[in-house]
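**Student:** Next up is a structure, given as structure tokens.
The values are calculated or read from the model by the stated rules, or taken from the named source; none is laboratory data. Just so we're clear, the structure is a prediction, and the values are computed from it rather than from any experiment. With ideal geometry, Cβ positions are generated from the backbone for all residues, glycine too; neighbour counts draw on all protein chains shown.
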Amino acid sequence: MKAEIICVGTELLLGDILNTNAQFLAKELAALGITVHHQWVVGDNESRLAELVQQAMQRSDLLVFSGGLGPTADDLTKETVARCFGDTLVLEPEILQQIQQYYASTGRHMPQSNEKQALIPQQGGWFDNKNGTAPGIWFYRQGKRAVLLPGPPNELCPLWHEKVKPWLAAEQNQALYSLVLRITGIGESHVEELVGHLFENANPTAAIYAKTGEVHIRITAMAENQQRGEEMCRAYAEKFYALLGNAIYAENDCTLQQAVVESLKKQGLTIATAESCTGGLVSQMITQVAGASEVFGFGFCTYANQAKHKLLGVSTELLDTVGAVSSQVASQMATGAAKVSGADIGVSLTGIAGPGGGTEQKPVGLVYIAACKGDDVYVAKLLVGNRSRETVRTCAAKRALDMARRLALGLPLPHTKKFSATEIAVLEE
């Protein structure tokens, strides 16, 4: 099935709103095995929208819209698509009652303009929207389908998952199942070198997606039912595990910080962080996870040298000679965090996030990361490159989390050097 995504709204064209709906819908359609050939953004203009819809109907089997379903005069998506599909809109009493009840629950009277949101196509149908007043709408004509969704993501996404996605899957008379492998510590090009040949399979299919500090691989199988699809994806995933091993930290929606917290819980361990260039980002990521308090109690944000010495016991001599951005200081920050907090694992980061402050010897994007457990300290030198400040900080934070995960589970820590807690941790430059 060929599809096109059409996002409606002048505010999108002007850049006032980030178009996250297109990204969401593209990923979701791909997961259903539906090929997206075009994406469009069109303003609130009836003639331009109608021209686009008529062209898209000639090319594609499915048109997915977002936006333009509101009660105001410039919300024209439903009316325009109805004319293009040769359909007539009629009032649906059930939807009208829901809208009236929504306004009554907030102590307000429903404006007359909201009545247009209760109009549905005679030859199509509608999807109940539990998070707003505009229902989803669908049209059908001579093998062509159109699905209209409300613009706000907090309405569109739940409506898609609860109503539209199952409807589309049923229309295809096949079940699609997807499994996402989450990888960190290996860049996209390296992953492709290792498993690139596995992306050539017809069913299940596999696709690679580069993220900041990690890589995702989505495996999708088309089968006669969900159980068979899951079996096919699981069998194919084993081929990736055989080549990537413990670089795969989790599956599906599990984030790296969730994997770290779960690993620590599983092993009965605690962690403390000491951060300079990341300014508390690692602590923030850990505490995004519900139940993180069971494993995390101390996060030291030691941006200044004085804080590194006073709170973590970092040697002033080292700070004065080799500087804060060094393997030696990173090591002492990690051991200091563990010692002061009483945590089993200490993780530290110190570097140059940019955009300024770099030198030839210590360029922007250089970060030293250390992780300690017991008498062992592991230190890594990360060179992110002269990229954005956010990118440097995020890549460093994820590398630190992965080192913590590996240390908690007793896994190898590649691209690190091991030291004793009593040694001065000097990496070869």
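**Student:** Applying the selection to the stretch 257-285, what residues are under 11 Å from Ala397 (Cβ atoms), touching a residue at least 24 places away in the same chain (Cβ under 8 Å) and surrounded by fewer than 20 Cβ atoms within 10 Å (Cβ to Cβ)?
**Tutor:** Gly279 - this is the single residue of the stretch 257-285 that is under 11 Å from Ala397 (Cβ atoms), touching a residue at least 24 places away in the same chain (Cβ under 8 Å) and surrounded by fewer than 20 Cβ atoms within 10 Å (Cβ to Cβ).
**Student:** Now, a different point. Please note which strands (runs of 3 or more DSSP E) are completely contained in the stretch 109-176 and include at least 3 residues that are within 28 Å of the chain's Cα centre (by Cα) and either touching a residue at least 60 places away in the same chain (Cβ under 8 Å) or farther than 21 Å from Gln23 by Cβ (or both). Before you say what the answer is, go through the steps one by one.
**Tutor:** On the way: elements: 119-121, 125-127, 136-141, 144-149.
Where strands (runs of 3 or more DSSP E) fall fully within the stretch 109-176 and carry at least 3 residues being within 28 Å of the chain's Cα centre (by Cα) and either touching a residue at least 60 places away in the same chain (Cβ under 8 Å) or farther than 21 Å from Gln23 by Cβ (or both), they are 144-149.
**Student:** Can I ask one more? Name the residues in the stretch 405-424 that are assigned to a helix (DSSP H, G or I) and over 22 Å from Ile286 (Cα atoms), would you?
**Tutor:** None; the set is empty.
**Student:** Could you tell me whether any residue of the stretch 118-137 is among the aromatic types (Phe, Trp, Tyr) and modelled with pLDDT of 95 or more?
**Tutor:** Checking the stretch 118-137: at least one residue is among the aromatic types (Phe, Trp, Tyr) and modelled with pLDDT of 95 or more.
**Student:** Go through the stretch 256-339 and tell me which helices (runs of 4 or more DSSP H), entirely inside it, have 2 or more residues that are over 14 Å from Gly351 (Cα atoms) and out of contact with any strand residue (DSSP E or B) (no Cβ under 9 Å at 6 or more places or on another chain).
**Tutor:** Filter on the stretch 256-339 gives 256-267, 305-312, 316-321.
**Student:** Moving on to the next point. Mind listing whichever residues of the stretch 1-43 are part of a loop (DSSP other than H, G, I, E, B) and exposed (fewer than 14 other Cβ atoms within 10 Å of the Cβ)? Spell out the reasoning first.
**Tutor:** Filtering the stretch 1-43 for residues part of a loop (DSSP other than H, G, I, E, B) gives 1, 9, 14-19, 32-34, 43.
Listed by number, the residues that qualify are Leu14, Gly15, Asp16, Leu18.
**Student:** Those residues that are touching a Lys or Arg at 6+ places or on another chain (Cβ under 7 Å) and over 13 Å from Leu366 (Cβ atoms), I need them from the stretch 380-411; list them, please. Walk me through it before giving the result.
**Tutor:** Step one: of the stretch 380-411, the residues touching a Lys or Arg at 6+ places or on another chain (Cβ under 7 Å) are 380, 382, 407.
Matches in the stretch 380-411: Leu407 only.
**Student:** Now for a different question. Tell me the residue from Glu115, Glu92 that is over 26 Å from Met57 (Cβ atoms) and acidic (Asp, Glu), please.
**Tutor:** Glu115
Per-residue answers, yes or no, for (1) over 24 Å from Met222 (Cα atoms); (2) among the β-branched types (Val, Ile, Thr); (3) without any contact (Cβ under 8 Å) to a residue 24 or more places away in the chain:
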{"position": "Val42", "(1), (2), (3)": "yes, yes, no"}
{"position": "Leu62", "(1), (2), (3)": "no, no, no"}
{"position": "Gly67", "(1), (2), (3)": "yes, no, no"}
{"position": "Cys84", "(1), (2), (3)": "yes, no, no"}
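**Student:** Next question, about the same structure. Are any residues in the stretch 191-231 under 19 Å from Arg399 (Cβ atoms), outside any strand (DSSP E or B) and touching a strand residue (DSSP E or B) at 6+ places or on another chain (Cβ under 9 Å), and if so, which ones?
**Tutor:** Val191, Gly213
**Student:** Can you tell me which residues in the stretch 349-365 are under 25 Å from the mean Cα position of the chain (by Cα) and within 21 Å of Lys417 (Cα to Cα)?
**Tutor:** If the condition is that a residue be under 25 Å from the mean Cα position of the chain (by Cα) and within 21 Å of Lys417 (Cα to Cα), then Leu349, Gly365 are the ones that fit.
**Student:** Let me ask something else about it. Inspect all residues belonging to the stretch 138-148 and state whether any of them is buried (at least 16 other Cβ atoms within 10 Å of the Cβ), over 23 Å from Asp75 (Cβ atoms), of a type in the set (A, V, I, L, M, F, W, C) and touching a Ser or Thr at 6+ places or on another chain (Cβ under 8 Å).
**Tutor:** Checked the stretch 138-148: no residue is buried (at least 16 other Cβ atoms within 10 Å of the Cβ), over 23 Å from Asp75 (Cβ atoms), of a type in the set (A, V, I, L, M, F, W, C) and touching a Ser or Thr at 6+ places or on another chain (Cβ under 8 Å).
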